Structures are given as structure tokens and as C-alpha cells.
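All remarks here apply to the structure that follows.
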Amino acid sequence: SAVTRGALRAPTQTTVRAAAAAFLAGAGNGSIPTASGGRYKPATLRGYRVGLDKRVLPVLGDRRLSDVRRRDVQDLADRLTADGLSASTVHNTLDPLRVIFRRAMRREEVTADPTEHLELRRPDGRRDRIAPPDEAAELLAALPDDERALWATAMYAGLRRGELQALRWSDVDVRGRVIRVQRGWDPVEGEQAGKSAAANRRVPILDPLARELAAHRLRVGRGDGDLVFGRTAADPFAPSTVRLRALSAWDGENARRVRDADEGDDVALLAPIGLHEARHTCASLMIAAGVNAKALSAIMGHATIAMTFDTYGHLMPGGLDEAREAVDAYLAGGRPALSVVG
């Protein structure tokens with residue numbers, strides 16, 4: 001009966017190592033797409049390769065796909081945890097194995113996925129820092145003139161670091177108030193097309209960003225085909241250098257505040273932020289302003305709206321009490337008391 005149902009097949013001769021090699025090759029040349037139909041980012045594939053080579057293949061590489069059981073994967077996860085690896089690292093290590101077995105399931109090479117229903121520790125749940133509007137403005141104001149536009153684009157447009165590195169003036173229409181995000185930058189592969197259809201998008205230019213970009217273009221004097229924030233017109237900025245310069249500026253501002261404060265006064269110091277955290281700050285500002293989740297998903301370049309909810313759902317308004325009040329008001333014929341983000 002199992003044969004009739006298709007739940008029993010002859011064991012595949014393909015090993016985990018061979019399946020991993022085939023997947024990495026196909027994902028690298030674009031013949032194997034991501035779950036959302038896009039192309040895998042080079043950085044993602046490098047992470048997959050490290051996890052496979054360092055932790056997965058030494059243990060499971062020579063096993064046939066059909067011989068790997070859930071207990072084998074669970075034992076691997078338990079061993080990695082016992083070795084002191086963080087919950088996030090364990091999850092990331094198992095991610096390529098999950099992809100390999102899901103592909104094997106679709107190709108009918110195996111009848112069960114041993115990476116499902118594992119008992120894994122959850123990541124610690126710490127979230128990236130988000131700067132409220134006043135603090136975001138203060139952080140920008142403390143930066144040198146030639147550094148401010150880059151950080152403003154991260155904070156007010158939400159571009160990813162690689163997108164900032166690859167941004168060209170031909171992508172920026174200050175007068176039309178829109179940035180066309182069409183490419184990214186990989187530290188090894190160089191300039192890359194957008195990682196998915198969603199990544200290629202139009203992002204609105206807010207008023208404070210428009211001022212910074214206009215001033216920045218006058219200052220650098222580059223042409224349409226040149227990089228907006230490159231250390232030269234053709235070479236992208238080095239993230240570590242940008243980070244160090246920002247930290248130096250913020251440290252200097254904090255020192256000035258301490259020096260100028262009266263003795264005994266509490267001094268409000270600036271807390272440093274990273275480019276990725278600045279992107280999250282942009283999302284939080286838009287949510288606070290009432291931008292709906294569909295528009296936010298498009299602006300942030302998420303492949304699905306579910307990704308937007310997973311990432312920023314905790315920032316969106318509307319608890320049970322607010323929902324009850326809104327529906328009660330609606331049923332009573334009045335205007336809803338809650339502006340629902342969604």
C-alpha cells in the first residue's frame with residue numbers, strides 16, 4: 001500500500017555531499033531559484049557553503065539522502081549546541097540542509113524531510129536598535145557634511161548597505177522625489193542585480209533626505225553614471241571606514257555635550273547606530289506615520305508582505321483593546337477609532 005501511495009520508493013544513491021554540490025552549483029548559476037523565485041545572493045551562498053563544509057558534511061556528507069533520519073539531524077543540532085554555538089548559528093547551519101531536502105522532496109528523491117519538526121533553541125530574540133525621530137535627526141546632525149547624506153539615505157529611505165554602495169546618481173531623482181533601487185553590491189562578487197523582483201523598487205525621497213542629497217551632489221560634483229556614496233566615482237565606500245568615521249563623530253559630539261554641561265546635570269548622550277539599524281529606523285518611522293504594511297513591504301524591498309510582518313509586526317499599532325474599540329466604533333456607525341496598519 002505504501003508503494004501504491006507513492007510513500008515508498010527505492011533508496012536514492014545520491015549522497016548529501018553530492019546533493020549539496022548540485023544545489024550550490026545550481027543556485028550559483030541561477031538555475032535553482034529561491035523560494036520566492038529570485039536568485040540567491042552570493043553572500044547567502046557563501047554562508048551556506050561555510051555551514052555545510054564546516055559542520056554538516058563532515059557528519060552527514062557521505063550518507064545517502066534517503067538514509068538520513070530526523071534523529072540524525074537532531075543529533076547534529078544537539079552536538080552543535082553542546083559545542084557552545086548560539087541558537088542563531090545552529091539555525092543558520094541547518095538552513096542549507098533544509099533547502100537540500102525540500103528540493104529532494106520536490107524531485108521525489110526522498111519521501112520524508114528529516115529537517116522538519118526538530119527541537120531547536122530559539123534565537124535570543126534581541127532586536128536591532130531603532131532610533132526615534134528626534135534621536136535620528138541628532139545622530140545625522142553630528143556627522144560631517146560629506147558623511148550625512150549616506151546615513152540619511154539609510155534612515156529615511158531604508159536602503160540596504162549593498163544598495164547604498166551600488167547607488168548611482170542616475171538612480172536618484174531628487175526633483176521627482178524618488179530613488180530607483182536597481183542593484184546591490186557584494187563584497188566578493190562586486191555589483192549585482194537586485195536579489196529579487198521586490199528588491200528592484202522605487203523608494204520615496206522624504207523632505208529631509210531631499211535636502212541632504214541635493215547638497216551632497218553639489219559637494220561631490222559627480223555625473224549621472226557615478227556612484228552616489230563611493231569613495232571614488234567608480235569604487236564603493238568601505239563599510240568599516242564609514243562606521244569608524246561615524247563613531248568618531250558621535251564620540252566627539254558626546255564629549256562636547258559633557259564638556260558644555262553644568263556640573264550635576266544629566267547629559268543626554270548619542271547612542272551609536274549601524275547602517276542596518278538605520279534601515280530598521282526607517283521602517284519604524286514609516287509605521288509610526290501610518291504607512292500601511294503593503295506600501296512598507298514595497299519600500300523595504302521585501303519579497304512578501306509576510307516578511308514585513310515577521311520583521312516589523314511588533315512595531316505595528318493595535319492591541320486587543322484598540323481592536324475592540326475600533327470595531328465597536330465601526331458597528332456603532334462612527335469612524336473607526338484605530339488606523340489599522342495592514
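The values are calculated or read from the model by the stated rules, or taken from the named source; none is laboratory data. Keep in mind that this is a model prediction, so the values were computed, not measured. We place every Cβ from the backbone using ideal geometry, glycine too, and count neighbours over all the protein chains shown. Surface accessibility is based on the protein's heavy atoms, side chains included, excluding ligands, DNA and RNA. Shrake-Rupley method; radii C 1.70, N 1.55, O 1.52, S 1.80 Å.
When ILE273 is tested against (1) of a type in the set (Val, Ile, Thr); (2) touching a residue at least 24 places away in the same chain (Cβ under 8 Å); (3) more than 23 Å from ILE299 (Cα to Cα), just one condition goes unmet, and that condition is (3).
Could we say that ALA197 is in contact (Cβ under 8 Å) with a residue 60 or more places away in the chain, open to solvent by less than 50 Å² (accessible area, probe 1.4 Å) and of a type in the set (Gly, Ala, Ser) here? Against the criterion (in contact (Cβ under 8 Å) with a residue 60 or more places away in the chain, open to solvent by less than 50 Å² (accessible area, probe 1.4 Å) and of a type in the set (Gly, Ala, Ser)), ALA197 does not qualify.
Within segment 299-310, the residues that satisfy the criterion of being surrounded by 15 or more Cβ atoms within 10 Å (Cβ to Cβ) and either modelled with pLDDT of 90 or more or not β-branched (Val, Ile, Thr) (or both) are ILE299, MET300, GLY301, HIS302, ALA303, MET307, PHE309.
Among the residues of segment 96-116, count how many are open to solvent by 40 Å² or more (accessible area, probe 1.4 Å) and out of contact with any helix residue (DSSP H, G or I) (no Cβ under 7 Å at 6 or more places or on another chain). Matching residues across segment 96-116 total 8. Candidates in segment 141-171 are the residues that are open to solvent by 10 Å² or more (accessible area, probe 1.4 Å) and either touching a strand residue (DSSP E or B) at 6+ places or on another chain (Cβ under 7 Å) or free of Cβ contacts under 8 Å to residues at least 24 places away in the same chain (or both); of these, the one that is nearest to ARG245 (Cα to Cα) is ALA141.
Scanning segment 211-228 for residues that are surrounded by 21 or more Cβ atoms within 10 Å (Cβ to Cβ) and part of a loop (DSSP other than H, G, I, E, B) yields a total of 1. Test ALA136 against the criterion of being buried (at least 16 other Cβ atoms within 10 Å of the Cβ), of a type in the set (A, V, I, L, M, F, W, C) and touching a residue at least 60 places away in the same chain (Cβ under 8 Å), and give yes or no. For ALA136, the condition - buried (at least 16 other Cβ atoms within 10 Å of the Cβ), of a type in the set (A, V, I, L, M, F, W, C) and touching a residue at least 60 places away in the same chain (Cβ under 8 Å) - is met. Among the residues examined, ALA87 qualifies as among the hydrophobic types (A, V, I, L, M, F, W, C) and open to solvent by less than 40 Å² (accessible area, probe 1.4 Å).
Among residues of segment 74-118 being β-branched (Val, Ile, Thr) and in contact with a Ser or Thr (Cβ under 7 Å, 6 or more places away or on another chain), the one that is nearest to LEU57 (Cα to Cα) is VAL90. The residue that is nearest to ILE305 (Cα to Cα), counting only those in segment 180-225 that are of a type in the set (Asp, Glu) and in contact with a helix residue (DSSP H, G or I) (Cβ under 6 Å, 6 or more places away or on another chain), is ASP186.
Filtered by the rule that a residue be open to solvent by less than 40 Å² (accessible area, probe 1.4 Å) and not small (Gly, Ala, Ser), segment 240-279 gives VAL242, TRP250, GLU253, ASN254, LEU270, ILE273, LEU275, ARG279.
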